[in-house]
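Chemist: Encoded as structure tokens, here's the structure I'll be asking about.
We did not get these values from a lab; they are worked out from the coordinates using the rules stated. Keep in mind that what you see is a predicted model, and the values were worked out from it rather than measured. All Cβ positions, glycine included, derive from the backbone under ideal geometry; neighbour counts span all protein chains shown.
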Amino acid sequence: MTTNESLLKITESERDGVCVISIDGRLDSQTIEGAQSILSDAAKTHLRILLDCANTTFLSSSGLRAIVMTHRSAVENGGRVAVYVPRPEILATIHISGIQKLIPIHRKIEDAIAALMA
């Protein structure tokens, strides 16, 4: 699904029994409405969710909130969420926010999948 004039593209796939949601582009106030709906639906239907931020180019406070809300919804439904973030600038935003204390953040996709499978 593409939201808001291609500023953000979200795709869903499966890898080793994990729902992988790839977030390509900007996750901010301009794109959050469509993104939140997709993330919320995934949290209701999958037990293991990996948010793949390898191609996320910008993450605002709205985007951080969407990640936290996805995590909370997944946990309420008996699931788990991990985030794959190889980009230093996106990782810095996450660390400044402190959400790594709530949600597992990984710099390698293999580590994120392994954590969800454990």
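Chemist: Check every one of the strands (runs of 3 or more DSSP E) wholly within the range 39-118 and list those with 2 or more residues that are touching a His at 6+ places or on another chain (Cβ under 8 Å).
Modeler: Details: elements: 48-52, 56-59, 80-84.
Result: 80-84.
Chemist: Also, quick follow-up: Could you please give the count of residues in the range 11-38 that are out of contact with any Leu (no Cβ under 7 Å at 6 or more places or on another chain) and part of a helix (DSSP H, G or I)?
Modeler: 6
Chemist: Six or more apart or on different chains, Cβ under 7 Å: which pairs go from a residue in the range 30-58 that's touching a residue at least 24 places away in the same chain (Cβ under 8 Å) and under 19 Å from Ile109 (Cα atoms) to one that's assigned to a strand (DSSP E or B) and of a type in the set (S, T, N, Q)? Could you list them?
Modeler: Asp52/Ser22; Asn55/Ser22
Chemist: Sticking with this structure for a sec: Could you give me the residue pairs with C-beta distances under 7 Å whose first residue belongs to the range 97-112 and is over 12 Å from His71 (Cβ atoms) and touching a residue at least 12 places away in the same chain (Cβ under 8 Å), whose second residue is aliphatic (A, V, I, L, M) and assigned to a loop (DSSP other than H, G, I, E, B) wherever it lies, and which are 6+ apart or on separate chains?
Modeler: Within 7 Å, the pairs are Arg107/Val85.
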